[in-house]
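*Asks:* Just passing along the structure, written as structure tokens.
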Amino acid sequence: MQAKKSPAMVKKMFESGQISIVDPETRYRFSLTAKCPVDGEFADIARFEKAGHSLSRVVFHCSSCAKEFEVPKSEMLVV
């Protein structure tokens, strides 16, 4: 599946403290991803932190350039 912007899903993931979410209609599990600021490749989650039951920080790792980075929620995508 192709990565897409979904501010509502990203918000729900942060509020629920989950790095993935299941679409109730399709049963597809969406996960967070982001484009690497160095090379533009999609990156996987390297680690995350919670504050209570909510996500407070998500760090991504680009397998192409081996860099770790953070992006604002507005730049996170779901795949």
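Where a number appears in this text, it was derived from the coordinates with a stated rule and is not lab data. This one's a predicted model, so the numbers in the text were calculated from it and none came from an experiment. When we count neighbours, we look across all protein chains shown, and the Cβ atoms used for this are built from the backbone with ideal geometry, even at glycine.
*Asks:* Going by alpha carbons, how many degrees (0 to 90, nearest 10) lie between the helix axis of 7-16 and the longest principal axis of the chain?
*Replies:* 70 degrees
*Asks:* In debye to the nearest 20, how big a dipole does the chain give about its Cα centre with +1 on each Lys and Arg Cβ and -1 on each Asp and Glu Cβ?
*Replies:* Details: 12 positive and 10 negative charges, 42 e Å.
For this selection, approximately 200 debye.
*Asks:* What does the charge count around G17 come to, taking other residues whose C-beta lies under 15 Å from its C-beta (Lys +1, Arg +1, Asp -1, Glu -1)?
*Replies:* +4
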